[in-house]
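A short reminder: the numbers here are calculations on the coordinates, not readings from a lab. Please read these numbers as outputs of a predicted model, since none were measured by experiment. Heads up, the Cβs are rebuilt from the backbone with ideal geometry, glycines too, and the neighbour counts pull from every protein chain shown.
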Amino acid sequence: DVKVTQSSRYLVKRTGEKVFLECVQDMDHENMFWYRQDPGLGLRLIYFSYDVKMKEKGDIPEGYSVSREKKERFSLILESASTNQTSMYLCASSLFTGGSPLHFGNGTRLTVT
Amino acid sequence: GQQLNQSPQSMFIQEGEDVSMNCTSSSIFNTWLWYKQDPGEGPVLLIALYKAGELTSNGRLTAQFGITRKDSFLNISASIPSDVGIYFCAGIKNKLVFGAGTILRVKS
């Protein structure tokens, strides 16, 4: 079974803090993704990566950056957290591009106060 | 852009009943996926469909890839309380697009 592990289930941070959300997958998947999920807005893609050191903007990249230094690890960075970034963040990975299902982690619920 | 219309938005059904939900789009997809998300957890893949007309089962769940490649449905037979959650469809062609989800609540 694919295992996607997000380092924290719950995080509480202050406005202006730099926040790192970490994600690791154990199945040698090429692609990794970061989504945020908000009530009424569904799943929205923030960033994704098709390869090490490669990143692509998703639908809502503003206020976020990412890092993929190793194939198994994909980090989401909030440079200066704001209250409107309070959300559920979901990491996912997929084997290849163009039809391979995404496998999700358990999510990190981030609260910015 | 590509969009998926998932319906119903929510359902409140009696334990033991069969459930049906679907996703439609004006765009063609090459792959259809169905996920379930329990409260406070990440979505879990239930069924993946790769060919038009494909009908696939996973226990009490059955999903079909529509012949036109623009729709898919998911059926749950004999629902039980643990079926509660949010069900998402997703279509893939060049990129993956999610439906807004169907919230399933079961009366015991």
Dimensionless Rg/Rh of the protein assembly as shown - Kirkwood Rh, Rg from C-alpha atoms: 0.98
Those GluC sites (Glu not before Pro) from the stretch A:11-111 that are DSSP loop and have at most 10 other Cβ neighbours within 10 Å turn out to be A:Glu62
Mean projected area (nm²) from the convex hull of Cα positions in the stretch B:52-108 is 4.5
Quick one: grab Rg to one decimal and Dmax as a whole number for chain B, Cα atoms only, in Å. 13.1, 42
Dipole magnitude of the protein assembly as shown, debye to nearest 20 (Cβ charges: Lys/Arg +1, Asp/Glu -1, about Cα centre): 380
If the cut-off is a Cα-Cα distance under 17 Å, which aspartates and glutamates reach B:Lys107, setting aside same-chain residues fewer than 8 apart in sequence? B:Glu15, B:Glu17, B:Asp18, B:Asp38, B:Asp83
From the backbone phi of the stretch B:84-96, what are the Karplus-calculated ³J(HN,Hα) couplings (6.51 cos²θ - 1.76 cosθ + 1.60, θ = phi - 60°) in whole Hz, Gly and Pro given as x? 3, x, 10, 9, 10, 9, 8, x, 10, 8, 6, 9, 9
Ranked from fewest to most other Cβ atoms within 10 Å of their own Cβ, A:Tyr64, A:Tyr47, A:Tyr35 fall in the order A:Tyr64, A:Tyr47, A:Tyr35
Between B:Ile103 and B:Thr68, the two model label points (7 Å from Cα along the beta-carbon direction) sit apart by a distance in nm of 2.9
What relative contact order, as a whole-number percentage, does chain B give when Cα pairs under 8 Å and 6 or more residues apart are counted? 38
Assigned charges on the beta-carbon of Lys, Arg, Asp, Glu; chain A dipole about Cα centre (debye): 320
Per residue of A:45-54, count partner chain C-beta atoms within 10 Å of its C-beta, then hand back the mean as an integer. 1
The summed charge of the A:Leu110 Cβ neighbourhood (under 15 Å; Lys/Arg +1, Asp/Glu -1) stands at +3
For a 19 Å ceiling on Cα separation, which of these pairs sit above it: A:Lys13/A:Lys53; A:Lys57/B:Lys95; A:Lys55/B:Lys95; A:Lys57/B:Lys70; A:Lys3/A:Lys53? A:Lys13/A:Lys53; A:Lys57/B:Lys70; A:Lys3/A:Lys53
So, counting K/R as plus one and D/E as minus one, what does the shell of residues with Cβ under 12 Å around A:Phe96 add up to? -3
Shielding by other protein chains, B:95-102, mean Cβ within 10 Å: 5
Mind listing the long-range amide H neighbours of A:Gly42? Cut-off is under 5 Å, sequence gap 5 or more, other chains count too, H placed in the peptide plane at 1.01 Å from N. none
Under 8 Å for C-alpha pairs, at least 6 residues apart: give me the relative contact order for chain A, rounded to a whole percent. 37
Translational diffusion coefficient, Stokes-Einstein: compute it for the stretch A:48-113 using the Kirkwood radius over C-alpha pairs as Rh, at 37 °C and 0.692 mPa s, and state it as an integer in µm² s⁻¹. 250
Please list log₁₀ I(q)/I(0) at q = 0.19, 0.21 Å⁻¹ for chain A, using the Debye equation with identical point scatterers on the alpha-carbon positions. -0.93, -1.13
Shielding by partners for A:97-108, please: the mean number of other protein chain Cβ atoms within 10 Å of each residue's Cβ. 6
